[in-house]
1. Do you know which of the residues in region 352-369 that are assigned to a loop (DSSP other than H, G, I, E, B) and surrounded by fewer than 24 Cβ atoms within 10 Å (Cβ to Cβ) is farthest from the ligand (Cβ to nearest atom)?
2. For region 255-289, which residues satisfy the criterion of being charged (D, E, K, R), within 14 Å of the ligand (Cβ to nearest atom) and more than 19 Å from Lys245 (Cβ to Cβ)?
3. Got a number for residues in region 321-351 being free of Cβ contacts under 8 Å to residues at least 40 places away in the same chain, away from the ligand (no atom under 14 Å from the Cβ) and not in a loop (DSSP other than H, G, I, E, B)?
4. Within region 178-199, take every residue that is assigned to a helix (DSSP H, G or I) and more than 17 Å from the chain's Cα centre (by Cα) and give me the one that is nearest to Ala221 (Cα to Cα).
5. Could you list, in sequence order, the residues of region 140-179 that are in contact with a helix residue (DSSP H, G or I) (Cβ under 8 Å, 6 or more places away or on another chain) and of a type in the set (Ser, Thr, Tyr)?
6. Look at Ser309 and say whether it is assigned to a helix (DSSP H, G or I), under 26 Å from Ile173 (Cα atoms), within 16 Å of the ligand (Cβ to nearest atom) and in the same structural domain as Gly163 (by TED's automatic domain parsing).
7. In region 234-261, what residues are more than 17 Å from Leu164 (Cβ to Cβ) and either assigned to a strand (DSSP E or B) or modelled with pLDDT under 95 (or both)?
8. Sort out which residues of region 371-405 are farther than 21 Å from Phe12 by Cα, out of contact with any Leu (no Cβ under 9 Å at 6 or more places or on another chain) and of a type in the set (Ser, Thr, Tyr), and write them in order of number.
Amino acid sequence: MTNHKEIAYADFILHNLDSAVIYPNPYRGKGTKVGWETKELKKVSIASKKGKIVWIGNSNELSDNVKIAANAKFYNGEGLLAVPGFVDSHTHLLYAGNRADEFEMRVQGKTYLEILAAGGGILNTTNAVRSLSEEELFIETANRIELAMQSGVTTIEIKTGYGLDLKNELKMIKVIEMLKEAYPIRIVTTFMGAHAVPADRTNDSDSFVDEICKEWIPAVAETKCAVFNDVFTEKKAFSVEQSRKILNAGLKFGLKPKIHADEVNVLGGVDLAVEVGAVSADHLLMTNDEGIKKLAGSGVIPTVLPGTSTYLMESHHAPARKMIQAGLPVAIASDHNPGSCQFLGANIIQSMAMLQLRMSASESLIAGTLHAAHALSMGNEIGAIEVGRYMDIALFDLESFKQIGYHIGQNYLHDLIINGEPVYSD
Ligand SMILES: [Zn+2]
């Protein structure tokens with residue numbers, strides 16, 4: 001028997017951590033089993049090379065197992081907890097203005113129509129976005145990107161959908177590119193031209209859909225900036241038939257489908273998600289047992305958004321427990337947007353998943369990291385601390401990951417590591 005020992009080469013060492021959370025049985029995509037276990041390793045070091053994790057183990061065993069480059073960087077992890085960087089797989093983070101008046105009206109019991117009559121609603125945001133330049137929109141959004149990072153988010157999805165004409169949708173895509181350029185956080189672009197029917201097209205939504213399919217989607221695909229194509233399938237937005245057209249048109253141009261489904265009414269958005277092979281189906285507030293059965297084994301990631309149902313003061317939340325029991329790889333995300341959810345950041349969404357959806361701390365963590373990564377088609381590259389994945393890690397001044405959701409609204413982030421590089425210190 002030869003005593004062969006695999007030696008890892010490293011250029012960055014996160015050294016002497018108090019603890020690090022790993023997932024012993026991570027979900028690896030369609031056809032594989034969903035694992036909800038976490039394990040906290042103690043006195044651990046993590047080594048990476050060119051941004052990818054090459055070794056995880058007991059700090060005492062580092063020198064025996066890892067060949068460290070002469071110019072390697074060390075980061076002292078003493079007293080720190082490492083968890084996978086959070087992935088916020090559903091946001092409308094790019095917008096302008098605020099709708100605080102609308103929030104107050106809703107709290108006072110005003111109806112949606114009363115709010116619209118007072119100038120509220122999505123079209124209010126559309127007017128604000130249309131009126132600003134790329135630079136002004138960048139400045140409006142930069143602060144929110146920074147807040148997300150400061151909560152432990154290392155990857156964030158941002159949707160378009162407040163332009164609602166081709167020129168302004170392309171402007172939003174351009175601003176997202178400017179954000180990618182300016183910040184180390186991974187940003188994933190989703191085109192969502194079908195977010196709402198513009199006010200002047202409500203009697204003519206079919207021709208609006210045709211325009212999205214024939215003109216907008218080819219133009220968006222040409223930019224090569226967007227990965228996903230999303231649609232709001234709902235009574236007050238797009239029918240299943242219209243949504244099918246839009247998602248299939250995107251597929252022809254290489255844009256992967258996502259869908260806002262079952263938020264208010266069960267129209268058949270889940271069936272459509274399975275039919276077109278959507279990467280994720282999001283909201284799912286009203287999804288029933290039949291819908292859960294359809295999602296099982298489909299490969300579609302069910303993404304639940306507990307911040308939104310809380311913000312809208314709903315008495316009902318997405319049936320996450322039933323989904324978990326049915327073996328679904330449930331993901332959670334913030335759905336941050338100006339109208340229906342101002343929750344921003346990973347820690348508060350962890351708390352909401354626990355309080356409103358009755359998910360355990362382990363389930364919430366896995367849903368907000370690994371499964372959310374799957375919701376962005378990156379489930380085997382990020383979302384867990386594992387050899388071969390990108391070294392995207394959130395470091396907390398905490399003893400256990402169970403404290404992240406527990407300390408509701410408080411933030412104990414110490415630093416972020418993205419692609420094997422510390423963000424806030426070196
Ligand atoms: Zn949304």
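1. Per the criteria, the residue is Ser360.
2. Hits for region 255-289 are Asp262, Glu263, Asp282.
3. The number of residues fulfilling the criteria is 4.
4. Met178
5. Result: Thr141, Ser151, Thr155, Thr160, Tyr162.
6. Answer is no for this residue.
7. Lys235, Lys256, Pro257, Lys258, Ile259, Ala261
8. Ser377
The values are calculated or read from the model by the stated rules, or taken from the named source; none is laboratory data. These figures come from a predicted structure and were not determined experimentally. Every residue, glycine among them, receives a Cβ derived from its backbone with ideal geometry; neighbour counts consider all protein chains shown.
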